[in-house]
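Encoded as structure tokens, the structure appears first; notes follow it.
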Amino acid sequence: MTIPPTHLRVRLGRTLTFGLALALAATTASSPAAAGPPRPDTPNFGSHVTVFDPSMPVSEIQAKLDATHAAQVNDEMGTRRFAYLFKPGVYGTAEQPLQIKVGYYTEISGLGASPTDVVINGKIEAYNRCLTEGGTANCIALVNFWRTVSNLSLRINATGHDGCRSTANFWAVSQAVSMRRLDISGGGLSLMDYCTAGPQFASGGFIADSRLPATTNGSQQQWLTRNSEVESWSNGVWNQVFAGVVGAPDDAGFPDPPYTTLDTTPLSREKPYLFVDAKGRYQVRVPVARRDTRGVTWADGLTPGRTIPIGDFFVARPSDPVHVINRELARGRHLLLTPGVYDIARSIEVRRPDTVVLGIGHATLTAVDGAIPLDVAGVPGVVVAGVTIDAGLTESPVLLRVGRKHGPDRSDPRNPTTLSDVYFRVGGPHIGRTHIALEVNSDHVLIDHTWVWRGDHGVEGFTEGVNGDTDRWRTNTGRYGAVINGDHVTATGLFVEHFQRYNTVWNGEHGTTVLYQNELPYDPPTQADWMNGDVEGWAGYKVGDRVRHHTLHGGGVYVFNQNNPSIHTENGFEVPVTPGVRLHHVMTVNLSAGTIDHVVNGVGEPADTTRTGAPVYLVRYPAS
């Protein structure tokens, strides 16, 4: 989360639970279970998944969605999770548009084989949250996390909105939020909310495999758009990256405007998605991996890939024991995690090639007794998507491990293991402790959008003491965010924040990152607590000293040492000096406290409080 100096930083209090009864009633009323025993091809997703049919009255759908938004709009640290799935057809009309507001831990997805199979006449939106003075002041989008919209066509209709909100479709969000497989037309898209006491800052975000109208980036500090089409794009704050986007802006003037544009995406694989076929059977489409691509995957028909019947999945509930989940995985089934929080006291073990682990409704795995919640073997083609992993009170060695150090690795460059919309949280709803959040030891892995977050704020009792951030530094511990030991690993959308040593360590050869965003920790009590040997601080992005080939496109490291503004960090980025290690369009920025002395390896001016909010850019490193 990025807190600019012009805004009040708010410590969020106890979880709000407005509208809980209404929301639960809404989801239960139309869940698959409510219609009687499910057919073999119609899974029982449980009471927190609602499947809509186009025959349902718009007013009924609207009421259900409004009730859940009322419950979730402020429930940042809550435990409830929801998925709303739309069967193929048309929803809403010009006279009665469907106006969907999306709160925390909510997924809105179409069940078509193509995004054009589900059409929403209306809007799908997220607005600024007003965090003080009874919900009337400090209106920002900086903590609008954990929500998903995917696989549908949106025909924007602003009927019923006031004058300002009729001007665009607002998606004012920050990290752990994805838009995938969307076809948006009929109006503009704004990635900030300039109507609710705005414009104000946001800190997102990610779009993939989508066809977009004229898009206003506005106050978004960083954003990745890949493999999409856009009518036009305007504005940007610090770090806006495009890869394989038809209509993307030119980056020749970098850093004014701050665009980084790759003609193609070096490696991509779209996230698996649920759909209902012509016979009403539920299936999961698993797209193939592709290299050097541009534009959407569905322009000429079905997205290339394989289709897996839902009967080949074990549809898990939070009450299912891990040994049952592992037994089903060992039998060769895939895993679908329905919405909820799963307490994981022993690892979910993925050992078979090509296994799909798909979470819906922001399914969350929480470590118990120091467990590794998800352990993936060094096999090809595993896909993990739509899963959030939380640290628990007892320190875990790692939260998600892909392959073993010095273990067998049967990875395949044509079929990379892929992590899509996989998020990590160390603290926030409760104290969390881990040594490493994400560890990748296998070769040929694709990380397609992740937020690896050591919490900088949370619910009451988060600090376990009376000294605020000083207590958090001692109790809410996460040393490393992402540690990449495998070779030929690609990351498209790598967001890592607030860890207590290196936020990202990249030891593997031939690594590629397309957009990196990092905030250094807010809470080191003293400079002595923030020392790497004799060096002041730990770089936000570290490429191992023995690495000879590495590429980064579009990277930012931010500093806000709120607990002790006198703290220094020597470098935002630290890399070996060798011709094969290249950084393109990187920057550091000061958010009003602390100092980053250099951008990379002693090069670049200080990001200090004399230039608050003004980035220090390097077009390339090394310079020649």
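Once region 136-162 is narrowed to residues that are closer than 17 Å to T216 by Cβ and small (G, A, S), the residue that is surrounded by the fewest Cβ atoms within 10 Å (Cβ to Cβ) is A158. Out of R474, R425, one residue alone is on the phi < 0 side of the Ramachandran plot and at pLDDT below 95. It is R474.
For region 323-333, name all the residues that are among the small types (G, A, S) and part of a loop (DSSP other than H, G, I, E, B). Spell out how you get there, then give the answer.
Looking only at region 323-333, we keep the residues that are among the small types (G, A, S), and these are 330, 332.
Across region 323-333, the qualifying residue is only G332.
Is it the case that L336 is assigned to a helix (DSSP H, G or I), in the same structural domain as L400 (by TED's automatic domain parsing) and within 24 Å of V445 (Cα to Cα)? Against the criterion (assigned to a helix (DSSP H, G or I), in the same structural domain as L400 (by TED's automatic domain parsing) and within 24 Å of V445 (Cα to Cα)), L336 does not qualify. Have a look at L446, L438 and point out the one that is in contact with a Pro (Cβ under 7 Å, 6 or more places away or on another chain) and either modelled with pLDDT of 95 or more or under 30 Å from V357 (Cα atoms) (or both). Residue meeting the stated conditions: L446.
Just one of the listed residues (E536, E519) is within 28 Å of S268 (Cα to Cα), of a type in the set (D, E) and in contact with a strand residue (DSSP E or B) (Cβ under 6 Å, 6 or more places away or on another chain), and it is E519.
Flag: V489 does not match the condition of being within 25 Å of V616 (Cα to Cα) and surrounded by 24 or more Cβ atoms within 10 Å (Cβ to Cβ).
Among the candidates T106, T167, which residue alone is within 24 Å of S210 (Cβ to Cβ), surrounded by fewer than 24 Cβ atoms within 10 Å (Cβ to Cβ) and of a type in the set (S, T, Y)?
Numbers: T106 fails: surrounded by fewer than 24 Cβ atoms within 10 Å (Cβ to Cβ).
Criteria check complete, one pass: T167.
For the condition closer than 23 Å to G78 by Cβ and either in contact with a helix residue (DSSP H, G or I) (Cβ under 7 Å, 6 or more places away or on another chain) or part of a loop (DSSP other than H, G, I, E, B) (or both), what is the one hit in D320, D354?
Details: D354 fails: closer than 23 Å to G78 by Cβ.
Going through D320, D354 in turn, the sole match is D320.
For region 569-587, the set of residues classified as touching a Ser or Thr at 6+ places or on another chain (Cβ under 9 Å) and crowded, with 17+ Cβ neighbours inside 10 Å consists of T569, N571, G572, F573, V581, L583, H584, H585, listed by residue number.
Annotation note: Cβ proximity below 7 Å between a residue of region 364-376 that is part of a loop (DSSP other than H, G, I, E, B) and a residue that is charged (D, E, K, R) (sequence gap 6+ or interchain) occurs for V368/D343; G370/E395; A371/R346; I372/R401.
Would you be able to say whether some residue in region 513-525 is surrounded by fewer than 22 Cβ atoms within 10 Å (Cβ to Cβ) and in contact (Cβ under 8 Å) with a residue 60 or more places away in the chain? Break it down stepwise before answering.
Let us first name the residues in region 513-525 that are surrounded by fewer than 22 Cβ atoms within 10 Å (Cβ to Cβ), namely 525.
Filter once more, keeping what is in contact (Cβ under 8 Å) with a residue 60 or more places away in the chain: none.
No - not one qualifying residue is present in region 513-525.
Tell me whether region 204-212 contains one or more residues that are under 17 Å from A141 (Cα atoms) and modelled with pLDDT under 95. Yes; the residues of region 204-212 include at least one that is under 17 Å from A141 (Cα atoms) and modelled with pLDDT under 95.
Can you say whether G311 is surrounded by fewer than 17 Cβ atoms within 10 Å (Cβ to Cβ), assigned by TED's automatic domain parsing to the domain that holds V489, assigned to a loop (DSSP other than H, G, I, E, B) and not charged (D, E, K, R), as far as the supplied structure shows? No; evaluated as a whole, the condition is false for this residue. Summed over region 62-105, the residues that are touching a strand residue (DSSP E or B) at 6+ places or on another chain (Cβ under 6 Å), within 23 Å of A363 (Cα to Cα) and not in a loop (DSSP other than H, G, I, E, B) give a count of 11.
Is it the case that region 113-120 has a residue that's closer than 29 Å to P199 by Cβ, in contact with a helix residue (DSSP H, G or I) (Cβ under 9 Å, 6 or more places away or on another chain) and of a type in the set (A, V, I, L, M, F, W, C)? No - not one qualifying residue is present in region 113-120. Only one of the numbered conditions (1) modelled with pLDDT of 90 or more; (2) over 21 Å from T261 (Cα atoms); (3) among the charged types (D, E, K, R) is violated by R181, and that is (2). Taken over region 417-436, the residue count meeting the criterion of being over 18 Å from the mean Cα position of the chain (by Cα) and within 21 Å of M179 (Cβ to Cβ) is 0.
Given the structure, is G236 modelled with pLDDT under 95 and in the same structural domain as A202 (by TED's automatic domain parsing)? Full working, then the answer.
Details: modelled with pLDDT under 95: yes; in the same structural domain as A202 (by TED's automatic domain parsing): yes.
Yes: the conditions hold for G236.
Among the residues of region 594-609, those identified as over 23 Å from T260 (Cβ atoms) and surrounded by 20 or more Cβ atoms within 10 Å (Cβ to Cβ) are G594, T595. Screening Y516, Y522 for residues that are over 11 Å from T569 (Cβ atoms), assigned by TED's automatic domain parsing to the domain that holds Y480 and in contact with a helix residue (DSSP H, G or I) (Cβ under 7 Å, 6 or more places away or on another chain) leaves exactly one candidate, Y522.
Suppose we filter V356, V382 for residues that are of a type in the set (V, I, T), in contact (Cβ under 8 Å) with a residue 24 or more places away in the chain, assigned by TED's automatic domain parsing to the domain that holds H510 and touching a His at 6+ places or on another chain (Cβ under 9 Å); which single one remains?
Values: V382 fails: touching a His at 6+ places or on another chain (Cβ under 9 Å).
The unique qualifying residue is V356.
Scanning region 575-598 for residues that are under 25 Å from the mean Cα position of the chain (by Cα) and under 15 Å from A623 (Cα atoms) yields L583, H584, H585, V586, M587. Every test in (1) closer than 22 Å to Q200 by Cβ; (2) at pLDDT 95 or above; (3) among the polar types (S, T, N, Q); (4) assigned to a strand (DSSP E or B) is passed by N138 save one, and that test is (2).
Matching residues to (1) outside any strand (DSSP E or B); (2) in contact with a Cys (Cβ under 9 Å, 6 or more places away or on another chain); (3) hydrophobic (A, V, I, L, M, F, W, C); (4) farther than 23 Å from A437 by Cα:
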position: F495; (1), (2), (3), (4): no, no, yes, no
position: E509; (1), (2), (3), (4): yes, no, no, no
position: Y522; (1), (2), (3), (4): yes, no, no, no
position: K542; (1), (2), (3), (4): no, no, no, no
position: Y558; (1), (2), (3), (4): no, no, no, no
position: S566; (1), (2), (3), (4): yes, no, no, yes
position: T569; (1), (2), (3), (4): no, no, no, no
position: G572; (1), (2), (3), (4): no, no, no, no
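Would you say V619 is surrounded by fewer than 20 Cβ atoms within 10 Å (Cβ to Cβ), in a loop (DSSP other than H, G, I, E, B), modelled with pLDDT of 95 or more and among the aliphatic types (A, V, I, L, M)? No, not satisfied.
The values are calculated or read from the model by the stated rules, or taken from the named source; none is laboratory data. What you are looking at is a predicted structure, and each value in this text was computed from that prediction instead of being measured. Here Cβ is always computed from backbone atoms with ideal geometry, including for glycine, and neighbour counts include all displayed protein chains.
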